[in-house]
Each structure stands twice: as C-alpha cells, then as structure tokens.
1. For the stretch 43-54, does any single residue satisfy the condition of being modelled with pLDDT of 95 or more, surrounded by fewer than 15 Cβ atoms within 10 Å (Cβ to Cβ) and within 21 Å of Leu3 (Cα to Cα)?
2. Any chance you could count how many residues in the stretch 63-79 are open to solvent by 60 Å² or more (accessible area, probe 1.4 Å) and in contact with a helix residue (DSSP H, G or I) (Cβ under 7 Å, 6 or more places away or on another chain)?
3. Taking the stretch 16-30, which residues are open to solvent by 70 Å² or more (accessible area, probe 1.4 Å) and either free of Cβ contacts under 8 Å to residues at least 40 places away in the same chain or farther than 24 Å from Ile76 by Cα (or both)?
4. With respect to Leu12, determine if the residue is of a type outside the set (D, E, K, R), out of contact with any His (no Cβ under 6 Å at 6 or more places or on another chain) and in a helix (DSSP H, G or I).
5. Taking Leu34 as the residue in question, decide whether it is loosely packed, with under 12 Cβ neighbours inside 10 Å, within 19 Å of Leu3 (Cβ to Cβ) and at pLDDT 95 or above.
6. Looking only at the stretch 15-50, filter to residues that are outside any helix (DSSP H, G or I) and of a type in the set (A, V, I, L, M, F, W, C); which one of those is farthest from Glu67 (Cα to Cα)?
7. Only one of Glu80, Glu85, Glu67, Glu98 is over 20 Å from Gln24 (Cα atoms), touching a residue at least 12 places away in the same chain (Cβ under 8 Å) and either in contact with a Cys (Cβ under 8 Å, 6 or more places away or on another chain) or not hydrophobic (A, V, I, L, M, F, W, C) (or both). Can you tell me which?
Amino acid sequence: MGLEKNIYLADLYDIYQNLLTEKQKKYFYDYYFLDLSLAEIAETYNLSRNAIFDQIKHTENKLIEFEESLALYAKIKKIEDLNIEEGLKNKILDIIKE
C-alpha cells in the first residue's frame, strides 16, 4: 500500500471517525497510527489475524464510502487551496469539521 493512500485514509479517519464503531476505531488506529502489525493487533484483542485484516479493510471501505457520499475531505482540500487569509481559512475548516 502506498504512502499517499495511507495518508488519505488517515485523513478520512480524522474526519469520519465518529461514524465508526469503537472496534473499527481501535483496529484502524492501532494499524495506521500506532503502526502495529496485524499479528500484534490480533494478539491484543484475542482475535485471528484474518479477522483483524477483514475489519481494517471493511473500515477502509466505510471511510471511502463516507467520503463518496459527503465529500468533506474534498471540500476541506478546496478550502485549504484558497488564497485567503489564514485565520479565516482556519475558521471555515473548523466549522466543517464540527
């Protein structure tokens, strides 16, 4: 998996994490943010490596579905690209993230 895709998924997680279950959040966070292996995560939660893999893939797909429906990531990127005063830009981004 490429670094750009990992960054994209991490960004989507930051935006849409409140729409995920607690288990989805834990597994995804451990894998992408703590850089734990599937085996390490499986051992931590007393599950199979394959179960963790399936959950992470399912979560990735959910995040992509959320973005396809809501397009918050795309809107945030458009605002970040605007040539406007930084304080105003930050206020707009904060409103979107709420």
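The values are calculated or read from the model by the stated rules, or taken from the named source; none is laboratory data. Predicted model only: the values in this text are computed from it and were never measured. In this analysis, Cβ positions are derived from the backbone assuming ideal geometry, glycine residues included, and neighbour counts consider all displayed protein chains. Keep in mind that these areas ignore ligands, DNA and RNA; they rest on the heavy atoms of the full protein, side chains included. Shrake-Rupley method; radii C 1.70, N 1.55, O 1.52, S 1.80 Å.
1. The answer is yes; a qualifying residue exists.
2. Residues flagged as open to solvent by 60 Å² or more (accessible area, probe 1.4 Å) and in contact with a helix residue (DSSP H, G or I) (Cβ under 7 Å, 6 or more places away or on another chain) within the stretch 63-79 amount to 1.
3. Passing the criteria: Asn18, Thr21, Glu22, Lys23, Lys26, Tyr29.
4. The answer is yes for Leu12.
5. yes
6. Per the criteria, the residue is Leu47.
7. Step by step, each of Glu80, Glu85, Glu67, Glu98 is checked, and only Glu80 is over 20 Å from Gln24 (Cα atoms), touching a residue at least 12 places away in the same chain (Cβ under 8 Å) and either in contact with a Cys (Cβ under 8 Å, 6 or more places away or on another chain) or not hydrophobic (A, V, I, L, M, F, W, C) (or both).
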